[in-house]
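Below is one structure, written out as structure tokens, with a few remarks after it.
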Amino acid sequence: MKLKLSGAFALALSTSPCFAQSASNVTLYGAIDSAIEHFTNANPNGDSATRMATLTGGQVPSRWGIRGSETLDGGLKAIFNLESGFFIDSGNAGQTGRLFGRTAYVGLEHRWGSVTLGRQPTMLFWSLFDADVIGPSAFSMASFDTYVPNARTDNTIAYRGKFGGLTVGGTYSFGRDTSAAGNCAGENVSQSSACKAWSGLLKYDTATWGVAAVYDEQRGGAGATPVSVVPGTAGTAVASPDDRDRRYMANGYVRFANLKVGGGWLHRNISGTTRNVSTNLYYLGASYPIANWAIDAQVLRYDADAYQARGTMTVGRASYNFSRRTSSYVMLARMDNSGSGSVFSVSSSSIAPLAPAPGKDQTGVLVGLRHAF
């Protein structure tokens, strides 16, 4: 949806100093996604549960945003993006109640790439396109690691450029979180590395295949929330600027006519205040469109040996597109837990996970409707 500046707003802008004429545009966009979900083994007693999904969306996150650009001299563009997430079941704001918690940046773009400043995704987020066929859905990699689809940092400068098939990028955060809930909040001037974060990306795409490699690191600091390894269990403390939460991702995809197969490996290493922890997440999936339908499937395996926790989740999704903007879908997921500390749930990405008893399996089914504008 394109909106043109007019009326009093345009009049107000006309009081600013005059410069050379330039072309500009502003776009309002968004997605509204809601679903009903059912789980077996929804608690340690083995009870089942049915509810409206307590997350921002079943297939994609519900959100609205404004983005725009202005063409400047010499092929340069000024760009901005403001994006807000919300919970469709309650109407509450997502991202700890922030107005623009998903994205808030301004920057410049040229043939050499773009430089942006503000709250924005890290390169881990951008590395997942194509290789992760399920994406940021309710039953996804977020069931094991909620950071993956929510990899964003405050106070960030980012660069991203595309040169033929090669994409390179990087981010640096001067203070990775400033929310009131506070996970290593703010920019610390007395401790140079406290609460900092950075990431880097190399990605290469052709018409039929692509590969990507990414590094993502967050530093700890005084007041930092312990980082979660197994949902629902005590996290690993990162109270020192020398503590690090690092993720290494390698992934790729290949296309065979309409069939796309994608997969990857995510290694996480936490150098904590009192202990070090390593985990591995493997995923492999396929996507195939049939007329108005899209069929997606993925298998994920997560190993957190330090917690005696291992989980394997199989996910299937069928989507029917009524139009380019409106679709309905059904998702089915099965979580197989093994190990005395394994309490993984297919619902771990929600704000109110329903977890089974340790070592018990869980099945989840979800039916939803999505509209984009």
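The values are calculated or read from the model by the stated rules, or taken from the named source; none is laboratory data. The model shown is predicted, which means the values in this text are computed figures rather than measured ones. Cβ sites come from the backbone with ideal geometry, for glycine too, and all protein chains shown count toward neighbours.
Looking only at the range 344-373, which residues are touching a strand residue (DSSP E or B) at 6+ places or on another chain (Cβ under 7 Å) and among the β-branched types (Val, Ile, Thr)?
VAL346, THR363, VAL365, VAL367
May I ask you to list the residues in the range 39-64 that are touching a residue at least 12 places away in the same chain (Cβ under 8 Å), of a type in the set (Gly, Ala, Ser) and part of a loop (DSSP other than H, G, I, E, B)?
Across the range 39-64, the qualifying residues are ALA42, GLY46, ALA53, GLY57, GLY58, SER62.
When ASP305 is evaluated against the numbered criteria (1) surrounded by fewer than 18 Cβ atoms within 10 Å (Cβ to Cβ); (2) modelled with pLDDT of 95 or more, which criterion, by number, is the only one it fails?
Among (1) surrounded by fewer than 18 Cβ atoms within 10 Å (Cβ to Cβ); (2) modelled with pLDDT of 95 or more, the lone unmet condition for ASP305 is (2).
When GLY91 is evaluated against the numbered criteria (1) closer than 30 Å to SER327 by Cβ; (2) crowded, with 19+ Cβ neighbours inside 10 Å; (3) not hydrophobic (A, V, I, L, M, F, W, C), which criterion, by number, is the only one it fails?
Every listed condition holds for GLY91 apart from (2).
Got a number for residues in the range 83-106 being touching a Leu at 6+ places or on another chain (Cβ under 8 Å) and within 15 Å of THR153 (Cβ to Cβ)? Write out each step before concluding.
Taking the range 83-106 and keeping what is touching a Leu at 6+ places or on another chain (Cβ under 8 Å), we get 84, 87, 93, 100, 103-106.
Of the ones still in play, those that are also within 15 Å of THR153 (Cβ to Cβ) are 100, 103-105.
Of the residues in the range 83-106, 4 are touching a Leu at 6+ places or on another chain (Cβ under 8 Å) and within 15 Å of THR153 (Cβ to Cβ).
Going by the structure shown, is LEU55 at pLDDT below 80 and crowded, with 18+ Cβ neighbours inside 10 Å?
Answer is yes for this residue.
Mind checking whether some residue in the range 142-156 is in a strand (DSSP E or B), of a type outside the set (Lys, Arg), surrounded by fewer than 19 Cβ atoms within 10 Å (Cβ to Cβ) and in contact with a strand residue (DSSP E or B) (Cβ under 6 Å, 6 or more places away or on another chain)? First the steps, then the outcome.
As a first pass, look at the range 142-156 and keep what is in a strand (DSSP E or B): 152-156.
Next cut, of a type outside the set (Lys, Arg) only: 153-156.
Retained after the next criterion (residues that are surrounded by fewer than 19 Cβ atoms within 10 Å (Cβ to Cβ)): none.
There is no residue in the range 142-156 that is in a strand (DSSP E or B), of a type outside the set (Lys, Arg), surrounded by fewer than 19 Cβ atoms within 10 Å (Cβ to Cβ) and in contact with a strand residue (DSSP E or B) (Cβ under 6 Å, 6 or more places away or on another chain).
Being within 18 Å of the chain's Cα centre (by Cα) and either in a loop (DSSP other than H, G, I, E, B) or under 14 Å from ASP242 (Cβ atoms) (or both) is the filter here, so list the residues in the range 190-218 that pass it.
GLU217, GLN218
Pull out all pairs, ordered by first then second residue, where Cβ-Cβ is under 6 Å, the residues are six or more apart or on different chains, the first lies in the range 216-232 and is among the basic types (Lys, Arg), and the second is surrounded by 21 or more Cβ atoms within 10 Å (Cβ to Cβ).
Every condition considered, the pairs that remain are ARG219/LYS196.
Of all residues in the range 271-302, how many are in contact with a Lys or Arg (Cβ under 6 Å, 6 or more places away or on another chain) and either farther than 30 Å from TRP209 by Cα or surrounded by 17 or more Cβ atoms within 10 Å (Cβ to Cβ) (or both)? Talk me through it step by step, then tell me what you get.
So in the range 271-302, the residues in contact with a Lys or Arg (Cβ under 6 Å, 6 or more places away or on another chain) come out as 271, 279, 282, 287, 296.
Next, from what is left, pick out any that are either farther than 30 Å from TRP209 by Cα or surrounded by 17 or more Cβ atoms within 10 Å (Cβ to Cβ) (or both): 271, 279, 287, 296.
Summing the residues that are in contact with a Lys or Arg (Cβ under 6 Å, 6 or more places away or on another chain) and either farther than 30 Å from TRP209 by Cα or surrounded by 17 or more Cβ atoms within 10 Å (Cβ to Cβ) (or both) in the range 271-302 gives 4.
Consider the range 219-243. How many of its residues are in a loop (DSSP other than H, G, I, E, B), hydroxyl-bearing (Ser, Thr, Tyr) and over 30 Å from ASP130 (Cα atoms)?
To start, the set of residues in the range 219-243 that are in a loop (DSSP other than H, G, I, E, B) comprises 220-226, 228-235, 237-243.
Subsequent filtering for residues that are hydroxyl-bearing (Ser, Thr, Tyr) retains 225, 228, 233, 240.
Going one step further and asking which of them are over 30 Å from ASP130 (Cα atoms), we end up with 225, 233, 240.
Final tally of qualifying residues: 3.
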